[in-house]
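One structure below.
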Amino acid sequence: MSKDNLAYHRTHMLPEAPPPATETGIVKWLRENLFSSVANGLLTVATAYVVISIVIAAAPWFFNGIWDSPSLTACREMLDGRTGACFAVLTERWNQLLFGFKYPDELYWRPTLAFVLLFAAIAPVLFIKFLPKQLLIFTGLYPFIAYWLIWGGSIVVPIMALLGVLFGAFVYRRTLTVSAGVAVLAGIVGAMVFWWIAGLATGNMAGFMALEPVASRDMGGFMINLMLGVICVSLSLPFGILLALGRQSSMPIIKWICVIFIEFIRGVPLITLLFVANVVLAYFLPPGTTFDLILRVIIMITMFASAYIAEVIRGGLAALPRGQYEAADSLGLDYAQSMQFIILPQALKISIPGIVNVAVGLFKDTTLVSVISMFDIVGMIRGPILASAEWNGVYWELFGFAALLFFVTCYGISQYSQWLERQLQTEHR
Amino acid sequence: MTTMTDPPQASFRLSQLIYDTRYRSYTFQFIALMLLIALMAYLGANLVTNLAEQGQNIAFGFLTEPSGYDINQRPIEYDSQSSHLRASVVGVLNTLIVAFLGCLTATVLGVIAGVLRLSPNWLVRKLMAGYVEAFRNVPVLIWILIIFTIMTAVLPPPSAFRGEDSPSSMLFEAFAFTNRGVYTPAPIWGPGSLVVVLTFLASIAGAIYYRRYATKLLYDTGRLLPMGWPSLAILFVPAILVFFVMGQPISLEYPELKGFNFGGGIHIRGSLIALWFALAIYTGAFIAENVRAGILAVSKGQTEAAASLGLRPGRIMNLVILPQALRVIIPPVISQYLNLTKNSSLAIAVGYMDVTGTLGGITLNQTGRAIECVLMLMLFYLTISLAISGVMNLYNKSIALKER
């Protein structure tokens, strides 16, 4: 057989050709994502037109913005007929927006410091895998430091509160051998007794290492939103867990107390609960007790949030396979141990997205306190700032700023939760 | 080696109440009950003392007294001489109105945004993601206030519509957007309009019957009748015919500038619009996420299986994807409706007279009956919530996968 008889076949490799221009790089991306069909192409053009015209309309408003001016009229004069924002209201009323209009000027460093320390305190919890566990001690101390910084007064108060908590924890540890429920009760009673005694003992030490006290009603601005958000979310977590466990409990009385509480709270709007805090709660307290509005609001919002968190955690508990409960039982763990070591870690992990949703929702709902005439950021904008002679009529800059503050915070929280979910994922992928 | 021992026949000791798991639950429940009763008694005693000290009592007699205030949006007859109870009913109706409108609009927005978030078009996808994130992460109160500001501070006053070369003009000569609210044409029901309405109702029944018939025919004989345009024809053709045969009994009354304000037509106040749109857009963002999650929850294999059976894309969506996705979508969407209804209590921030504004606002302030008013307010919302969640439970039960 000679080569001539063979059908033609190639004897060498062709050099690799580049893919067609329409199948690579930006052209491919554009074709697939923007112009995959005629209808899609039209949609793209229409959307792009809308977006671009909005940007073109808003750009001069933003870039011509005046950042330094004493009042709206002065600002309009500076703009001289051009379109432009008066961001000067933000710079001029910056402190009011953040701290309210009654917080003493020279003390702004205290809430600011508390805010900065908040990050230091919260970081060990958020990034528990990456930071040393010892930092959690600071997280535990933070509430007492923050209280001292924000409200002022003698340092004895937060120290005694801290010692009371420690004493309660000590009692809890010692009685844990009896039963978890008894230990919790004993711990609470122990702490209360300690506080009572401490209150008697330190009644006349009000001046010891005292910061200038600031009354709750003098606080305002975004500070209130942050305070309510942080305090209520952190308080509602333990209550939510207890309520969820109570609702799953086999003891009918406890179960029904929890069910009724949760369903009642979830059935009414937060505003009605704030009305309760504002006008009704005083009727149910001993005559002559006056504790400030902010504390009453904290109580109501915490109740509100715990009911929602309880439902989220109940979902997590229900999602665990029964085998987990049975395995814990078969290891001989009692109820408290099986919850602590087997059930809750898994259930809470499943519940993280839900808990974060509740936290974000709750943080947004803190603006509702403006309805019961507390001057949070929305209250400040609608009240003292828009009502003032200088800034009457400057809406967009103020509302835009408030919206931006909330957006940054809430979006940040939800991004963190997505990251955390990925971190905690232990399944095979 | 294991030995079985008889359980000890010891008599009941008091310490068993704490140490023995058989009795411990009784102890705990007893303690919980006692604590609860003690708390209730404490609060109740305080209430009684406080009321006695202030010379007040708990009574609902104030509800029949004349309210003495006006409500600007009245679905039923009401004036300042009507009772507080009637004012509350007006408030309840206003709440239901804004909740209904809001739910409807939110559903439309949410479904559109949710579907578009899965669009193959990158720009549209990102735009919708932007919408969802922007609205989910900013308090609804701020959105309500922003839209209310647009309605009251940006729109022109009615006087701007005056004259030949007025600075503002009406949209299609029918809609006027002013800072006192939006004016739209109102239908006038002339004699004979009842026939038109009845015809339309009959056509709805007819269209439903036709679709049932077509489905049955398809299942029985395999013959495929067109569904879309015949249903539309059955819906509208007879009603339009009757409308003209009867001599156009239904006409529109257009709003007109009379004096300092518009007259005629329907007047929708800025507060209602602000509340309605803000709630709808805000809740729509949440519904969009539910819709997206629901569609994504249907596994890709379902689409592929349907395609391999030879179904066209439209039918795949209607017959395979949607029925499965709806099962996932509907429960969270209903709870969003519930949230919207509860959030409508923010009406008080823009002066819309819903039940929080009447019963929980002016009535409370005028009569000083804080406990009664707040209690009734809570009961109202609680009733709605429980009713909706009852419906939802029924629905969930009816669509639950019948596993064998």
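Using the Karplus curve 6.51 cos²θ - 1.76 cosθ + 1.60 with θ = phi - 60°, work out ³J(HN,Hα) for each residue of region B:338-347 in order, rounded to whole Hz, and write x for Gly and Pro.
Calculated HN-Hα couplings, in order: 4, 4, 4, 4, 5, 5, 5, 5, 5, 3 Hz.
What lysines sit close enough to A:Lys133 to cross-link, taking a C-alpha to C-alpha distance under 29 Å and skipping anything fewer than 8 places away on the same chain?
Straight-distance partners of A:Lys133: A:Lys349.
Taking amide hydrogens as modeled 1.01 Å from N in the peptide plane, which residues meet the under 5 Å criterion relative to B:Phe175, leaving out close sequence neighbours?
Amide H neighbours of B:Phe175, under 5 Å, 5+ apart: none.
No partner Cβ under 4.7 angstrom, meaning no disulfide-compatible partner by this rule: which Cys of chain A qualify?
Lacking a cysteine Cβ partner under 4.7 Å: A:Cys232, A:Cys258, A:Cys410.
For region B:247-404, what class follows from the C-alpha gyration tensor (a ≥ b ≥ c being the square roots of its eigenvalues): rounded when a/c is under 1.5, otherwise prolate if a/b is larger than b/c, else oblate? Walk me through the numbers on the way to the answer.
Details: a/c = 3.04, a/b = 1.57, b/c = 1.94.
Oblate shape, in that a/c is at least 1.5 and b/c is the bigger or equal ratio.
Magnitude of the Cβ-charge dipole of chain A, K/R +1 and D/E -1, about the Cα centre, nearest 20 debye? Spell out each step's value before the answer.
On the way: 25 positive and 24 negative charges, 190 e Å.
I would put it at about 920 debye.
Rounded to the nearest 500, what is chain B's calculated 222 nm mean residue ellipticity when only DSSP H runs of at least 4 contribute -39500 (n - 2.57) each, over all residues?
Values: 12 runs with 235 residues, N = 404.
So the calculated ellipticity at 222 nm is -20000 deg cm²/dmol.
Taking every eigenvalue of the Cα gyration tensor of chain B, multiplying by 5 and rooting it, what semi-axes result, largest first, whole Å?
Values: eigenvalues 456, 319, 101 Å².
Equivalent ellipsoid semi-axes, largest first: 48, 40, 22 Å.
Excluding same-chain residues fewer than 8 positions from A:Lys364, which aspartates and glutamates have a Cα within less than 17 Å of its Cα?
Leaving aside aspartates and glutamates fewer than 8 places away in the same chain, those within reach of A:Lys364 are A:Asp376, B:Glu133.
In whole Hz, with x marking every Gly and Pro, tabulate ³J(HN,Hα) for region B:222-239 from phi via Karplus 6.51 cos²θ - 1.76 cosθ + 1.60, θ = phi - 60°.
Taking θ as phi minus 60°, the curve returns x, 7, 9, 8, x, 9, x, 5, x, 4, 4, 4, 4, 5, 9, 4, x, 4 Hz for region B:222-239.
Going by how many other Cβ atoms sit within 10 Å of their own, how do B:Val197, B:Val391, A:Val394 line up, fewest first? List each step's numbers first, then the result.
Details: B:Val197 14, B:Val391 11, A:Val394 23.
Least crowded to most crowded, the residues run B:Val391, B:Val197, A:Val394.
Build a GNM of chain A with springs between Cα atoms under 10 Å: which of A:Val279, A:Val360, A:Val27 gets the top mean-square fluctuation?
A:Val27
Residue by residue through region A:112-119, what is 3J(HN,Hα) from phi via Karplus (6.51 cos²θ - 1.76 cosθ + 1.60, θ = phi - 60°)? Round to whole Hz and write x for glycine and proline.
4, 4, 4, 5, 5, 5, 4, 5
Order of B:Ile142, B:Ile204 from fewest to most other C-beta atoms within 10 Å?
Working: B:Ile142 23, B:Ile204 14.
Ranking B:Ile142, B:Ile204 by Cβ neighbours within 10 Å, fewest first, gives B:Ile204, B:Ile142.
What fraction of the Cα pairs in region B:178-262, stated in percent, has a spacing above 20 angstrom?
Numbers: 1985 of 3570 pairs.
Pairs farther apart than 20 Å: 56 percent.
Over 5 Å intervals from 0, what percent of Cα-Cα pairs in region A:17-61 sits in each interval?
Per 5 Å bin, starting at zero, the Cα-Cα P(r) for region A:17-61 comes out as 5, 21, 16, 16, 15, 12, 8, 4, 2, 1, 0 percent.
By its C-alpha gyration tensor, with a ≥ b ≥ c as the square roots of the eigenvalues, how is chain A shaped: rounded for a/c under 1.5, else prolate for a/b larger than b/c, else oblate?
Working: a/c = 2.37, a/b = 1.25, b/c = 1.89.
Oblate is the answer for chain A, as a/c is 1.5 or above yet b/c matches or exceeds a/b.
Run through region B:8-52 and list the trypsin sites (Lys or Arg not before Pro) located in a DSSP loop whose Cβ has at most 12 other Cβ atoms within 10 Å.
Numbers: sites: B:Arg13, B:Arg22, B:Arg24; in loops: B:Arg13.
In loop regions of region B:8-52 (DSSP not H, G, I, E or B), the sparsely surrounded trypsin sites (Lys or Arg not before Pro) are B:Arg13.
So which trypsin sites (Lys or Arg not before Pro) in region A:76-172 end up in coil per DSSP with only 16 or fewer other C-beta atoms within 10 Å? Numbers along the way, then the final one.
Values: sites: A:Arg76, A:Arg82, A:Arg93, A:Lys102, A:Lys129, A:Lys133; in loops: A:Arg82, A:Arg93, A:Lys102, A:Lys129.
Passing both the DSSP loop test and the Cβ count: A:Arg82, A:Lys102, A:Lys129.
Given all pairs of different Cα atoms, what value in angstroms does the Kirkwood hydrodynamic radius of region A:100-170 take?
When all Cα pairs of region A:100-170 are included, the Kirkwood radius is 13.5 Å.
Using amide H atoms built 1.01 Å from N in the peptide plane, name the residues 5+ places from B:Glu253, or on other chains, whose amide H lies under 5 Å from its own.
B:Ala186, B:Ile188
Per residue, what volume in Å³ does the convex hull of the Cα atoms of the protein assembly as shown enclose? Display every interim value, and only then the final one.
Numbers: hull volume 290.3 nm³, N = 833.
Considering the Cα atoms of the protein assembly as shown, their hull volume per residue is 349 Å³.
Sequence-distant or interchain residues sharing an amide H contact under 5 Å with A:Phe87, placed H: which?
Under 5 Å from the amide H of A:Phe87 lie the amide H atoms of A:Ile66, each far enough along the sequence or on another chain.
In a Gaussian network model over chain A where Cα atoms closer than 10 Å are linked, find which of A:Gly393, A:Gly316, A:Gly229 has the largest mean-square fluctuation.
Fluctuation is largest for A:Gly393.
For region B:355-404, restrict the atom set to alpha-carbon positions and state the Rg and Dmax in Å.
Cα radius of gyration and Dmax of region B:355-404 are 17.8, 61 Å respectively.
Just to check, using Stokes-Einstein with a Kirkwood Rh over alpha carbon pairs, what's the diffusion coefficient of region B:41-170 at 20 °C and 1.002 mPa s in µm²/s?
On the way: Rh = 20.5 Å.
In µm²/s, the coefficient rounds to 105.
Does anyone have the angle between helix A:396-424 and the longest principal axis of chain A? Alpha-carbon axes, 0 to 90°, nearest 10?
On a 0 to 90 degree scale, this one is about 80.
Translational diffusion coefficient of region A:219-429 at 10 °C, 1.306 mPa s, Stokes-Einstein with Kirkwood Rh over Cα pairs, in µm²/s as a whole number. Please list the in-between numbers first.
Numbers: Rh = 19.3 Å.
Here the translational diffusion coefficient equals 82 µm²/s.
Please name whichever of A:Leu113, A:Phe62, A:Ala282 sits farthest to the positive end of the charge dipole of chain A, dipole taken about the Cα centre and charges placed at Cβ: Lys and Arg +1, Asp and Glu -1.
A:Ala282
Just rank B:Trp143, B:Trp189, A:Trp396, fewest to most, by other beta-carbon atoms within 10 angstrom. Write down the numbers at each step before the final one.
Details: B:Trp143 22, B:Trp189 12, A:Trp396 17.
Fewest-to-most Cβ neighbours within 10 Å comes out as B:Trp189, A:Trp396, B:Trp143.
Straight-line reach from A:Lys255: which aspartates and glutamates have Cα under 18 Å away, leaving out those fewer than 8 places along the same chain?
Partners within reach: A:Glu263, A:Glu311.
No value in this document is a laboratory result; all are computed from the given coordinates. Computed from a predicted model, the values in this text were never measured in an experiment. When we count neighbours, we look across all protein chains shown, and the Cβ atoms used for this are built from the backbone with ideal geometry, even at glycine.
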